[in-house]
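Structure, as structure tokens:
Coordinate-derived values only; no laboratory data. Treat the numbers as computed from the prediction; the structure is a model and nothing was measured. No Cβ is skipped: glycine too gets one built from the backbone with ideal geometry, and neighbour counts run over all protein chains shown.
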Amino acid sequence: MSASSAPGQSKSSPKSLATPIVFVVDDDISVRESLELLIRSEGWQPETFESAQEFLAHPRALVPSCLVLDFSLPGLNGLELQKRVAVERTDMPIIFITGFGDVPMTVQAMKAGAAEFLTKPFGDDVLLSAIRHALGHEAEMQVLRDCYASLTPREREVMALVASGLLNKQVGGELGISEITVKAHRGQVMQKMKADSFADLVKKAARLGLAPGRKANTPPPSRN
């Protein structure tokens, strides 16, 4: 494994100021080395791995990140690793790269949530564009998670129930509070979540994976 790290980077640094990490999993050392140089040239922090097992054994990133993943790997292949990441490192964007892509393979990966599927050889600009898009999505999700973390336990309950389609009166009945109190909490939720409208709040709740009945102190699925 050739895993690069930033020794001077503090884990306590604000995520918005931290250098994004681009993970690369490819069993071809020449690909890993070339991608490491390319990623570093863009100001991102590369972390390269020879196998899926090595990647899974690596500590989870505490900063915005994405995964550039070769489809064909020894041991766990790309699709199998994608399934593991979907469960263990929720919301980590994955960019597949492969030297023998076909339509069924691409469809399977994209249906499972891949951000992009690139067939070798591809231009540096194509990969860099895909990485920028993936990191941009991850940054948006981090902002959303931070907003959700600012809610009180009661506000989280109200958000989940309101986003599920219940009226204020019904939410009050579920929580044993008055309709006026629900309206006050709902107003705070809209403000803290930076929701422009009720439809926007519902969309944000869906992106966070919130479900009606989630316990107040239960956070949404983590990033990775």
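Below is a table of values for the structure above.
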quantity	calculated
Label-point separation in nm, Phe122 to Ala57, each point 7 Å along Cα→Cβ	2.8 nm
Gain on full stretching of the segment that runs from Ala184 to Thr19 - 0.36 nm per residue minus C-alpha separation	55.6 nm
Chain lengthening between Ala149 and Leu79 when straightened (0.36 nm per residue, less Cα-Cα)	22.0 nm
Rough spin-label spacing in nm, given labels placed 7 Å along Cα→Cβ, for Asp196 and Thr90	2.7 nm
Label-point gap, in nm, between Lys169 and Arg132 - each point 7 angstrom along Cα→Cβ	5.2 nm
Highest average packing first - 183-195, 142-154, Cβ atoms within 10 Å	183-195, 142-154
Reciprocal mean inverse distance between Cα atoms of the range 25-130 - Kirkwood radius, Å	14.0 Å
Chain lengthening between Ser41 and Val107 when straightened (0.36 nm per residue, less Cα-Cα)	20.6 nm
Sequence-distant residues sharing a close amide H with Ile97 (under 5 Å, placed H)	Leu69, Asp70, Phe71, Leu118
Net +/- balance of residues flanking Pro121 in space, Cβ distance below 14 Å, scoring K and R +1, D and E -1	-4
